[in-house]
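Q: The structure under discussion is supplied below as structure tokens; questions concerning it will follow.
None of the figures in this text is laboratory data; all of them are computed from the coordinates on show. All values derive from a computational prediction rather than experimental measurement. Using ideal geometry, Cβ is built from the backbone for each residue, glycine included, and neighbour counts are taken over all protein chains shown.
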Amino acid sequence: MRKGLVSAAFLVFSFVYLVTGVVPVSAETLMWRFESKHSKIVDVELYSDSRRGHVWPGNNKIYVLDDYSVKTISISCRSGEKICYGAWVRNRSNLYWGVGYKNRNRCSSCCYTCNGGQTKVIVLNP
């Protein structure tokens, strides 16, 4: 029975590859953890560094950090995908962390790999 399942999976994979020329990508979950120490509301978006223009939560929405507690944001992403965070004080896009508002800046330590895990607690200090 197991041999039949492996053969069926291989056939599906082969069909997808032949029809689309693309290897199927597996989905993972990445849990982001943020803690804002800022007295003002902080907005957050997550940006794919691998898929141009892909953002979480998307659809002109944002994640909101409006108190001093640790907030967990769970996203579905492609295995191995590099994802960076951008956070900014609401209505003050020049006060930011990570890649900032609309992914406008570069950063040295604000990206994580989608691997089914979670980030450390990212503390946003004023």
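Q: Lys/Arg Cβ at +1, Asp/Glu Cβ at -1, dipole of the stretch 18-126 taken about the Cα centre: which of Leu46, Tyr112, Asn91 is farthest positive-ward?
A: So the residue furthest toward the plus end is Asn91.
Q: Here is a follow-up. Which aspartates and glutamates have a Cα lying under 16 Å from the Cα of Lys102, excluding residues fewer than 8 positions away in the same chain?
A: Result set, ordered by chain and number: Asp43, Glu45, Asp49.
Q: OK, next. Mind checking which lysines have their Cα closer than 19 Å to the Cα of Lys71? Skip sequence neighbours fewer than 8 apart in that chain.
A: Excluding near neighbours in sequence, the set is Lys37, Lys40, Lys61, Lys120.
Q: Please give the peptides 34-46, 54-66 ranked by average Cβ packing (other Cβ atoms within 10 Å per residue), highest first, as a rough proxy for protection. All intermediate terms of the calculation are to be shown ahead of the outcome.
A: Values: 34-46: 18.4, 54-66: 14.2.
By packing density, highest mean first, the sequence is 34-46, 54-66.
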